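Structure, as structure tokens:
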């Protein structure tokens, strides 16, 4: 029977994470509980960064979360469901504080800098913080060898985030953000103007470039997955194939930037049962 804390955390996951929720269904109760707490944490800090509001207020809330994570790794008692669940996860799987902090720092980049046309190096750092760090936490829960697991997590995280950047391109523009690097805009001689960017036909070339980069990381993760015990990575492989399906719907295609690419229920069932029946 689930505790009241677990019920609250699972509700957050069910309400906002279709791909993640499906991926985690294959895990044992203990591992699923830990992954749900990680996702709920990510969802909470991401919502702080994405919701409309004054940057100073958002930064203050994110700074409060840095304090909460520091407390999480102390011996103090915790007052909220999410912190109590995270504490159990930290204790059970020896999770690293630096990965939690890294995720928050990634959200701060969104708030402080309201990211627009970053350098390739800054974009890489952003992806490492908001996506790869989640993977580093996950491999500990999955029980994967750390050296190999971190390489696997890095490539998956980069592939997921680059795919998201293309899929969420129009939504991000409405928030005043653009994760397309300065270097890529210069390559295609595109003016750095958020209001005009979507109407520029050459933006299709840029988005395909990003999808090509994502494909490289997907391919690298495929090579690494062959060296890892398949039973330990069913959850991440289900998620990877969800993302690869989304990627496939966009790669090499002229994108309708007004319509976000999504997976239907049939696609999700097919991928999930393919892995569960192996």
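Bear in mind that the values in this text are calculations on the coordinates, not laboratory data. Since this is a predicted model, take the numbers as computed values, not measurements. Don't worry about glycine lacking a Cβ; one is built from the backbone with ideal geometry, like all the others, and counts go over all protein chains shown.
Observations
- Selected from 202, 240, 140 as most flexible by GNM, with the chain as the system and alpha-carbon contacts under 10 Å: 202
- Relative to the longest principal axis of the Cα atoms of the chain, the long axis of helix 29-50 makes an angle of roughly 40 degrees.
- Separation of alpha-carbon centers, region 1-61 and region 147-192, rounded to whole Å: 22 Å
- Taking region 105-217 and dividing mean pair separation by its residue count, relative contact order in percent (alpha carbons under 8 Å, at least six apart): 31 percent
- Two-decimal log10 I(q)/I(0) for the chain, as the Debye equation yields it once each C-alpha is a single scatterer, q = 0.13, 0.14, 0.15 Å⁻¹: -0.91, -1.06, -1.21
- The separation of region 210-271 from region 78-146, counted between C-alpha centres, amounts to 21 Å.
- Put in order of Cβ neighbour count within 10 Å, fewest first, the listed residues 250, 24 become 250, 24.
- Value of relative contact order over the chain, rounded to a whole percent, pairs C-alpha under 8 Å and six or more apart: 20 percent
- In degrees, nearest ten, helix 81-93 long axis to first principal axis of the chain (Cα): 80 degrees
- Using 0.36 nm per residue and subtracting the Cα-Cα separation, the extra length available between residue 186 and residue 204 on full extension is 5.1 nm.
- Computed [θ] at 222 nm, deg cm²/dmol, the chain (DSSP H ≥ 4; -39,500 (n - 2.57); rounded to nearest 500): -22500 deg cm²/dmol
- Taking other C-beta atoms within 10 angstrom as a stand-in for reagent exposure, 44, 180 fall in the order 44, 180, fewest first.
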